[in-house]
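The values are calculated or read from the model by the stated rules, or taken from the named source; none is laboratory data. Quick caveat: nothing in here was measured; it's all calculated off a predicted structure. Note that each Cβ is placed from the backbone with ideal geometry, even for glycine, and that neighbours are counted across all protein chains shown. Just the protein is used for accessible areas: all its heavy atoms, side chains included, with ligands, DNA and RNA removed. Shrake-Rupley method; radii C 1.70, N 1.55, O 1.52, S 1.80 Å.
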Amino acid sequence: MELTVLNNLVSNETTGPHLTYKVGVRRKTRQVLVGGIRVGGGAPISVQTMTKTKTSDVDGTVAQIVKAAEEGCDIVRVTVNDKEAADAIAEIVRRSPLPIVADIHFNHVFALKAVEANVAKVRLNPGNIGSRDRIHQVLRAAMEKQIPIRIGVNSGSLEEDILNKHGYPTAEALYESAMRHVGICEEVGFRDVIISVKSTDVRLMIEAYRLVAQRTDIPLHLGVTEAGTTRVGTIKSSVGIGTLLAEGIGDTIRVSLTDEPWKEVEVGKEILRSLGLASRNVELIACPTCGRLEVDLFGIMAELEKRLEGIKKPVKIAVLGCVVNGPGEASEADIGIAAGKGVGILYRKGEVVRRVKESEIVDVIVEEVKNFQPDESQS
Ligand code: SF4
């Protein structure tokens, strides 16, 4: 659920309570199918995460995947970094409710094993897995099963010659590295690729993604790598991923946090919601409160958040703390409350419905949400 606090409400009385933000037109890309999930080509932006267990621990890994799926994850990646992991991948694919991406670094045998296990995508940089013969074996096996590949370039692990040429990791260097791997794929006619050009430096990743977006039609997987703890990682990812999405760039996202996979999904989904790119949920708006407040708004919002948890309806609810600014904002939402001394005025689609006691506000809103019928355009 999205909880929005209207911080500019008080000072913006004459020009309207808040600005309408329009997300830029989405960049046109080719489309790639990851399991059942479409990536690029105008498909909804998918949210990914990565498991943090040893992949050989099948039960633990599947448990993390299930929890991520419950949080709304679309695609999940698991590392295939050793023989035990490669042996476990087929069972994980069988038991997973989500498409599985196998993360391969240098070992072409693990890549072949992942393809054999019917993963939905392989994350692999073809130039890193050895001879042309090995590379072509993997690409042909993936092509036969229509398994796409994500080329994942990272500013911390650029090829030495590219680093020497550019001096240090630049956006051009990241672009050049990605296109080198794309070129290898194209040698055998492999076009089902997705690119990521990640960095821990938010400005660098933004620039690098912009370059790839300007110069190719390849779908992009957005992320700030090793973003950090939940607080810092959430902020860095929101700025990096959010900036690009607002420009219409990006087809699938992964927020990297030093935290549980489901937490990454929660933040990723919130980024999408904040840009109106995932609107199938309850959007809860509240004023920040000030000295004019006439009800216990903190208590009402905390209770509402809890009661509306898990409801999947594209409904916008606004609860405002006083009669000065409340009516305008409340009447713009699908369901609104403009509170006054111990009461609230209930609005439905801009129309005043009735007065409700402060103690009944939460129950009344929950009831309104249950009965709410979204327009076709909202669902
Ligand atoms: Fe605005 Fe009233 Fe809320 Fe204060 S209490 S922030 S004036 S709506």
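Just the accessible area per residue of the chain, please: how many Å² with a 1.4 Å probe?
I get 45 Å² per residue for the chain.
DSSP loop (so not H, G, I, E, B), at most 13 other Cβ within 10 Å: list which trypsin sites (Lys or Arg not before Pro) in the range 125-156 pass both filters.
Hits after loop and neighbour filter: 145.
Measure off 7 Å from each Cα along the Cα-to-Cβ vector at residue 373 and residue 302, then give the distance between these two points in nanometres to one decimal.
Between residue 373 and residue 302, the simple spin-label model gives 3.7 nm.
Go through the range 42-55 residue by residue and turn each phi into a ³J(HN,Hα) via Karplus (6.51, -1.76, 1.60, θ = phi - 60°); whole Hz please, and just put x for glycine and proline.
Once rounded to whole Hz, the list reads x, 5, x, 6, 8, 10, 10, 8, 9, 6, 10, 7, 5, 5.
Within the chain, what whole-number % of the accessible surface is contributed by carbon and sulfur, with the 1.4 Å probe and all protein chains included in the calculation?
Here it works out to 50 percent.
Any number yet on Rg/Rh for the chain, C-alpha, Kirkwood?
Ratio value, two decimals: 1.05.
For the pair residue 163 and residue 25, what calculated FRET efficiency results from E = 1/(1 + (r/R0)^6), where r is the Cβ-Cβ distance and R0 = 22 Å, to the nearest 0.05?
On the way: r = 35 Å, r/R0 = 1.59.
Here the calculated transfer efficiency is 0.05.
Would you give the gap between the C-alpha center of the range 279-321 and the C-alpha center of the range 52-103, rounded to a whole Å?
Between the Cα centres of the range 279-321 and the range 52-103 lies a distance of 36 Å.
Report the local net charge at residue 352: Lys and Arg +1, Asp and Glu -1, summed over other residues whose C-beta lies under 15 Å from its C-beta.
-1
Under the rule of at least 5 residues apart or a separate chain, name every residue whose amide H is placed under 5 Å from the amide H of residue 105.
none
Principal axes first, then extents: for the Cα atoms of the range 282-378, list largest minus smallest coordinate on each axis, whole Å, largest first.
Extents along the principal axes: 39, 26, 21 Å.
What percent does the relative contact order of the chain come to when contacts are Cα pairs within less than 8 Å and at least six residues apart?
Contact order relative to length: 16 percent.
Which loop-located trypsin sites (Lys or Arg not before Pro) does the range 169-218 contain, where loop means any DSSP state but H, G, I, E or B and the Cβ has at most 16 other Cβ atoms within 10 Å?
For trypsin sites (Lys or Arg not before Pro) across the range 169-218 that sit outside H, G, I, E and B with at most 16 neighbouring Cβ atoms in 10 Å, the list reads 191.
What percent does the relative contact order of the range 282-378 come to when contacts are Cα pairs within less than 8 Å and at least six residues apart?
24
Grab the DSSP H runs of the chain that are 4 residues or longer, score each as -39,500 (n - 2.57), total them, divide by all residues and round the 222 nm result to the nearest 500 deg cm²/dmol.
Values: 12 runs with 147 residues, N = 379.
Dividing the helical sum by the residues of the chain leaves -12000 deg cm²/dmol.
Can you tell me how much longer the chain between residue 133 and residue 353 gets when fully stretched, taken as 0.36 nm per residue apart minus their C-alpha distance, in nm with one decimal?
72.0 nm
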